[in-house]
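The values are calculated or read from the model by the stated rules, or taken from the named source; none is laboratory data. All values reported here derive from a predicted model rather than from experimental measurement. Glycine also receives a Cβ, built like all others from the backbone with ideal geometry; neighbour counts cover every protein chain displayed.
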């Protein structure tokens, strides 16, 4: 069983590497959104897309076991979305994402959201080629979720603490939830958000812009390096001729 798991992950990592190369070549920021079912990530995603619409190219890959309901909600915002139904599968894998990419027409510099199947276990182990995993934890869940599912929160670079508008009606300890997340991942960033009230949306959008700037800079460095290499080769050829 251990060997089978290694083989599966190794094959997935090969596809993830192909996806990552594709993203880097086109300056695409790909984010893997992960959470439990019912965390509100689709609603948050719709709110995010609405705030960014018209400012930059956007695209979404939706993962669910059944139905195309979430993809239809995304398309209603005007953003292109591809639905992947995994059937009995509990996560997206890199091959599925690669096939979806073939169907999406994305411009250079696109911000690509990959909304994974609602599950805090399996998606942690599967690299999709994304720049970062973003874990969404709703305040309607327990503060101990990061401790119960440490692999996911360890793999995530950012935790969005969602549905914060409900805090006055709940016995949810925000500080404890953040502390638990940082017990398993000391470097994880945390932003409190609410799609309903708008709390934290500016901070979330600013985080996205910083990440996109990093991707754009990396692409430009690659282009500049190629130009320098071409110039060196041309100079060498000229000297020989």
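Considering only residues in the range 120-141 that are in a loop (DSSP other than H, G, I, E, B) and in contact with a strand residue (DSSP E or B) (Cβ under 8 Å, 6 or more places away or on another chain), the one that is modelled with the lowest pLDDT turns out to be 120.
With respect to the conditions (1) closer than 22 Å to residue 127 by Cβ; (2) assigned to a helix (DSSP H, G or I); (3) touching a residue at least 60 places away in the same chain (Cβ under 8 Å), residue 106 lacks only one, and its number is (2).
Residues that are in contact with a strand residue (DSSP E or B) (Cβ under 6 Å, 6 or more places away or on another chain), buried (at least 20 other Cβ atoms within 10 Å of the Cβ) and part of a loop (DSSP other than H, G, I, E, B) do not occur anywhere in the range 48-66.
When you scan the range 208-220, do you find a residue that is touching a helix residue (DSSP H, G or I) at 6+ places or on another chain (Cβ under 6 Å), within 24 Å of residue 141 (Cβ to Cβ) and in a helix (DSSP H, G or I), even just one? Looking through the range 208-220, none of the residues is touching a helix residue (DSSP H, G or I) at 6+ places or on another chain (Cβ under 6 Å), within 24 Å of residue 141 (Cβ to Cβ) and in a helix (DSSP H, G or I). Here the condition is being within 26 Å of residue 28 (Cα to Cα) and over 15 Å from the mean Cα position of the chain (by Cα); of 157, 176, 192, 183, it holds for 192 alone. Looking only at the range 147-195, count every residue that is under 18 Å from residue 133 (Cα atoms) and assigned to a loop (DSSP other than H, G, I, E, B) and tell me the total. Looking only at that region, the number is 8.
Evaluated against (1) surrounded by fewer than 22 Cβ atoms within 10 Å (Cβ to Cβ); (2) out of contact with any helix residue (DSSP H, G or I) (no Cβ under 9 Å at 6 or more places or on another chain); (3) under 22 Å from residue 200 (Cα atoms); (4) touching a residue at least 12 places away in the same chain (Cβ under 8 Å), residue 85 falls short on exactly one condition, (3). Just to be sure, is residue 93 in contact with a helix residue (DSSP H, G or I) (Cβ under 9 Å, 6 or more places away or on another chain), at pLDDT below 95 and surrounded by 18 or more Cβ atoms within 10 Å (Cβ to Cβ)? It is false that residue 93 is in contact with a helix residue (DSSP H, G or I) (Cβ under 9 Å, 6 or more places away or on another chain), at pLDDT below 95 and surrounded by 18 or more Cβ atoms within 10 Å (Cβ to Cβ).
The one condition from (1) surrounded by 13 or more Cβ atoms within 10 Å (Cβ to Cβ); (2) in contact with a helix residue (DSSP H, G or I) (Cβ under 7 Å, 6 or more places away or on another chain) that residue 178 does not meet is (2).
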